[in-house]
1. I need the full set of residues from the range 105-128 which are in contact with a helix residue (DSSP H, G or I) (Cβ under 7 Å, 6 or more places away or on another chain) and not in a strand (DSSP E or B), in order please.
2. Is it the case that the range 98-114 has a residue that's touching a strand residue (DSSP E or B) at 6+ places or on another chain (Cβ under 8 Å) and of a type in the set (S, T, N, Q)?
3. Can you give me the ranges of the helices (runs of 4 or more DSSP H) entirely in the range 352-443 with at least 3 residues that are at pLDDT 75 or above?
4. Among the candidates GLU97, GLU119, GLU107, GLU57, which residue alone is within 26 Å of ASP5 (Cβ to Cβ) and surrounded by fewer than 16 Cβ atoms within 10 Å (Cβ to Cβ)?
5. Only one of (1) at pLDDT below 90; (2) crowded, with 17+ Cβ neighbours inside 10 Å; (3) not aromatic (Phe, Trp, Tyr) is not met by LEU52, so which one is it?
6. Condition test on ALA161, is it in a loop (DSSP other than H, G, I, E, B) and of a type in the set (Gly, Ala, Ser)?
7. So SER159 fits all but one of (1) more than 24 Å from TYR326 (Cβ to Cβ); (2) surrounded by 21 or more Cβ atoms within 10 Å (Cβ to Cβ); what number is the exception?
8. Can you pull out every residue in the range 219-250 that is more than 18 Å from GLY180 (Cα to Cα) and either buried (at least 20 other Cβ atoms within 10 Å of the Cβ) or touching a helix residue (DSSP H, G or I) at 6+ places or on another chain (Cβ under 8 Å) (or both)?
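The values are calculated or read from the model by the stated rules, or taken from the named source; none is laboratory data. Remember, predicted model here, so these are calculated numbers, not experimental data. Because the Cβ atoms are built from the backbone with ideal geometry, glycine has one as well, and the counts that use them run over all protein chains shown.
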Amino acid sequence: MKNYDTAVIGGGPAGRACAEKLAAAGVRTALVEKSAPGGRAVNSGYFISKVLISAGERYGAEAPHHLQDLVAGRKKRAQSSWRSDLEEAGVKIYRGEASIPAAGRVEIAGEDELELEVENIVLATGSRPVSPLAFSRAESQRIITYEEVMAGNWLEVESVAIVGADVEGTEFASLYDRLGAGVTMIEQKERILPNTDGEIAKFMRENYDERGIEIETSNTVEDFEKREDKLLLELEGGHIETEVLILTGAQKPVLPDLGADLELDFDEEGFISRDSRMQTSQPGILAAGDVVGGMSSASAAMSEGRVAAGTILGEKTEIDYLHIPYVFFSTPRVTGIGLREEDVRGEDRFAALSLTFAHNLRALAAGEEEGLARLIIDEMEGTVVGAHLAGEGLEEVHGLLAAAVQEEIQLQRLAEMPLAQSHTFGDNKKNLPPLWRQRSLMR
């Protein structure tokens, strides 16, 4: 039996962020991870997807021939960084499968066999992909999820159909387009990227149309028939033939074994219920990351992990999803934060400004003038309350716009900041104040 103040179960983005914050504050913290350093996120999740996307952008159709060495090398460095950062922060790492027989107790089975007695437990055990359709995933039937792709399989195909056209679906569409495959996206809702700003979604749809990526919206896959090395997909009102079907957009939580006396509540989809401070219905147990459902991204998971740590430390911070930035590693990139035009439509105090990259010398010089920036302005306060962008070079302004929204920076101040030229603003930035004044309702 070993004693700690807090045990964090799961070493992905949420668990790591939580453990590091607690240890930095002097809290005796143990982190239990059942897989390799970094958890599923580093070893078979979003980190690997970014390696694949980077390889596709660099090598195109030749990318699969470089992947084994690329993935192995970058994963090893990420694992090393993960472990060293946690250990330097003072976190004790245990390797094994955790179970929680009762509040305040954690049993570990595996490489490290022991029992922990703690005051608080943070569940950050993540989620796994499942099928959003009436039939299940089955690699033998050529119906897969990101797990099979992250393992380096199904990359050398001539055609792929993707269920879902949100972040995961558009990233896969961009990857396979780079690899030279014919791509079809099938989205149940009326448009792709249904949770982004509508004009950004429209821009991305037009970009995909120009590149020959097929898109079926307001549609779904009702059934399939396997024909040797092909799939015939039955849609509402039509058929599609493809080599492989990738399922995106549906997850189920990964949970440790829980004692029968624990009073944890779950939502309708099986995710752990928690409040805005990441507290569950069981005193002494908090939860963060994909195991609680909701906004599925590394940024959101890390924010939830830090809020959970803050709750243990006595802070009153609550999770604020509106001000968590997002980024999609599609081609072109998509990023944003804050309110969308859809959120404020009909409210007189807000205005939506659109800026294209076409008049920006920096973007023109790089040959990347296809881009759109959308700013949502509170005209009563003169502040930026939302920023959503699509195009290349967004990393040059992503942090600035996130800070502008989070800190409620005046649009006038943003326009006057002496910035190095970027794809997004650069020469365009000087046009912001006239555009704002032209739309202003202030008296």
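1. Residues satisfying the conditions are ALA124, THR125, GLY126.
2. Yes, that holds for at least one residue.
3. Details: elements: 361-365, 398-406, 411-416, 432-439.
Because the criterion is at least 3 residues that are at pLDDT 75 or above, the helices (runs of 4 or more DSSP H) in the range 352-443 that meet it are 398-406, 411-416.
4. None of the others qualify; the one that does is GLU119.
5. (1)
6. For ALA161, the condition - in a loop (DSSP other than H, G, I, E, B) and of a type in the set (Gly, Ala, Ser) - is not met.
7. It is condition (2) that SER159 fails.
8. Selection gives VAL221, PHE224, LYS226, LEU231, LEU233, LEU247, THR248, GLY249.
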